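Working notes for the structure below.
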Amino acid sequence: MTTAHFTHDTQARKADHLKICLEEDVNCREVTTGFERFRFDHQCLPELDFDAITIATSFLRKPLAAPLLISSMTGGTDRAKTVNFRLAEAAQRYGLAMGVGSQRVAIENPELTESFAVRSVAPDILLLANLGAVQLNFGYGVDQCRQAVESIEADALILHLNPLQECVQTRGDRNFSRLFDQIAALCETLPVPVIAKEVGNGISGAMARRLLDVGVAAIDVAGAGGTSWAKVESGRAIDPIQRRLGETFADWGIPTADCLQQVRSVSADVPLIASGGLRTGLDAAIAIALGADLVGMASPFLKAADASPAVLDETIRATIAELQTVMLCTGCATLPALRNPGVLRPIEA
């Protein structure tokens with residue numbers, strides 16, 4: 001396969017991903033985030049002024065006005081560029097963090113970097129670059145990772161971990177051997193923090209511990225219960241076996257709630273991102289109560305940004321209002337207070 005063919009194939013795949021995520025039902029069918037297993041203890045008289053509630057925080061030493069991350073989604077096409085710049089402008093306006101989609105397409109074709117390079121409209125945000133960890137077995141190293149970071153002036157690098165997606169993806173990269181040693185070398189050399197992130201199948205406590213031991217600075221659990229990338233890849237597969245794989249494994253993974261509890265059980269202080277099926281500020285509050293420091297959402301913001309900047313603004317404002325409403329109705333003036341004993345309770349089976 002020639003480089004030109006390969007580049008086109010990667011760019012076409014990005015266009016397919018965006019179209020499928022926007023236009024088709026790619027949510028998990030049966031597995032859920034696990035958040036429905038919990039309820040907040042409502043305080044009918046919270047003794048708290050709504051205007052005194054603070055949701056400001058920081059992540060990787062970068063200040064944020066709210067604990068929200070516009071999760072990694074897209075790039076590499078004209079439609080993706082429009083979406084990314086709308087998302088970045090909103091992140092700047094509301095003081096949120098943002099991650100771009102996989103930059104592999106821009107490493108292969110630097111002309112496409114501009115679809116990711118949002119720093120011009122978002123000078124102050126926590127901005128996360130993104131590459132697939134498996135690419136370390138396919139010719140990528142510190143130089144490519146540094147290029148991904150420097151080309152968009154990112155504050156950190158997401159290494160996404162996606163073995164199931166690669167299995168379902170036509171001509172996916174499936175050699176996941178020897179990656180821990182390579183990630184360790186990368187973490188030691190790269191001048192910015194490295195974040196390990198799944199893509200919707202979850203990171204267990206045991207796996208988080210191994211990743212932290214090799215130098216990863218933060219974990220994004222990206223658990224099961226939201227967008228199923230097995231379904232996304234199945235939707236674009238031509239080969240009937242790949243299509244069947246996607247359907248078979250549409251509900252594979254560890255629910256997001258379980259991931260958060262497991263990771264917190266192995267590390268009390270790891271910077272922890274909750275993503276995977278979160279759709280509202282209520283979901284965000286549950287995730288924070290379960291130990292998350294930052295809450296990532298992709299699908300709600302992607303669809304809103306594709307619609308219009310006004311719809312995106314409304315979505316962000318509503319999400320923040322939902323989080324603040326939980327805090328008032330639980331008597332929690334600060335985000336850490338959501339983790340106090342008795343604020344969130346498991347529902348009795």
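Descriptive notes on the structure:
- Residue match in region 326-349 (condition: of a type in the set (S, T, Y), surrounded by fewer than 22 Cβ atoms within 10 Å (Cβ to Cβ) and in a helix (DSSP H, G or I)): no
- Of all residues in region 273-297, those satisfying the criterion of being crowded, with 24+ Cβ neighbours inside 10 Å and within 14 Å of S71 (Cα to Cα) are I273, A274, S275, G276, G277, L278, A284, L294, V295, G296, M297.
- Out of S265, S234, one residue alone is over 20 Å from the mean Cα position of the chain (by Cα), assigned to a helix (DSSP H, G or I), touching a residue at least 40 places away in the same chain (Cβ under 8 Å) and closer than 21 Å to E30 by Cβ. It is S234.
- When each of P271, P300 is tested for being touching an Asp or Glu at 6+ places or on another chain (Cβ under 8 Å) and under 16 Å from M98 (Cα atoms), the lone residue that passes is P271.
- Criterion violated by L302 - all others in (1) surrounded by 21 or more Cβ atoms within 10 Å (Cβ to Cβ); (2) in a helix (DSSP H, G or I); (3) in contact with a helix residue (DSSP H, G or I) (Cβ under 6 Å, 6 or more places away or on another chain) satisfied: (3)
- Residue pairs whose Cβ atoms lie under 7 Å apart, sitting 6 or more positions apart in sequence or on different chains, and linking a residue in region 269-284 that is within 15 Å of V31 (Cβ to Cβ) to a partner that is of a type in the set (S, T, N, Q) and outside any loop (DSSP other than H, G, I, E, B), are G276/T256; G277/T256.
- Considered as a group, the residues in region 247-262 that are at pLDDT 95 or above, part of a helix (DSSP H, G or I) and not β-branched (V, I, T) include one that is farthest from L164 (Cα to Cα), and that residue is Q261.
- Top-ranked residue in region 24-46 [being basic (K, R) and more than 14 Å from G200 (Cα to Cα); ranked as nearest to the chain's Cα centre (by Cα)]: R37
- Condition check for A12: at pLDDT 95 or above and not β-branched (V, I, T): no
- Of the strands (runs of 3 or more DSSP E) that lie entirely inside region 27-96, those containing 2 or more residues that are in contact with an Asp or Glu (Cβ under 9 Å, 6 or more places away or on another chain) and either closer than 19 Å to I316 by Cβ or β-branched (V, I, T) (or both) span 57-59, 62-64.
- Filter pass, A285 being among the small types (G, A, S) and assigned to a helix (DSSP H, G or I): yes
- Members of region 232-261 that are charged (D, E, K, R) and more than 30 Å from L272 (Cβ to Cβ): R236, D239, R243, R244, E247
- Selection count, region 65-104, where residues are within 20 Å of D283 (Cα to Cα) and either buried (at least 21 other Cβ atoms within 10 Å of the Cβ) or within 13 Å of the chain's Cα centre (by Cα) (or both): 13
The values are calculated or read from the model by the stated rules, or taken from the named source; none is laboratory data. As the structure is a computational prediction, the values presented were derived from the model and not from experiment. Counting neighbours? That spans all protein chains shown, and the Cβs are built from the backbone with ideal geometry, glycine included.
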